[in-house]
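The values are calculated or read from the model by the stated rules, or taken from the named source; none is laboratory data. As the structure is a prediction and not an experimental result, all values here were calculated from the model. Because the Cβ atoms are built from the backbone with ideal geometry, glycine has one as well, and the counts that use them run over all protein chains shown. All accessible areas refer to the heavy atoms of the entire protein, side chains included, with ligands and DNA or RNA removed. Shrake-Rupley method; radii C 1.70, N 1.55, O 1.52, S 1.80 Å.
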Amino acid sequence: MNVWLLLLPLLIGGVIAGFNTETLNTTSERVELWFRNKYALAKTRQGWFNNFILQPVLWLIVKFSDWTDSFEHRGIKNGARIALIVYTILIWCYILFAAFMFVLAIGVVLL
């Protein structure tokens, strides 16, 4: 089961690259533009949540999108972007969960 969860983003990206339809590519590019706009907005805001939780993951997604801009095949470019976005979000959620559990464990030990 865990292997399928790890391969799911790759499968989704592969489906987008394989079908290479105008609708999928346009939707994928809209998602990428949404992340770019959110990152531009996040850079202007201050606050603990924004600086330590939101900005790092948005920055990484924008960097992955910049990296895939050089791909000539539109389907492969959008498939790779979606796969990288999903992997990034999943890994970031796991890191946040692990950090929360670590802080919780430290709190329990101290009590």
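Tabulated results
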| item | result |
| --- | --- |
| Restricting segment 44-65 to residues that are without any contact (Cβ under 8 Å) to a residue 24 or more places away in the chain and closer than 30 Å to W4 by Cβ, the residue that is most open to solvent (accessible area, probe 1.4 Å) | W59 |
| Tally, over segment 28-60, of residues that are under 18 Å from I16 (Cα atoms) and among the aliphatic types (A, V, I, L, M) | 2 |
| Selection status of L11, part of a helix (DSSP H, G or I), open to solvent by 80 Å² or more (accessible area, probe 1.4 Å) and not aromatic (F, W, Y) | yes |
| Residue in segment 67-80 that is open to solvent by 80 Å² or more (accessible area, probe 1.4 Å), part of a helix (DSSP H, G or I), free of Cβ contacts under 8 Å to residues at least 12 places away in the same chain and touching a Leu at 6+ places or on another chain (Cβ under 9 Å) present | yes |
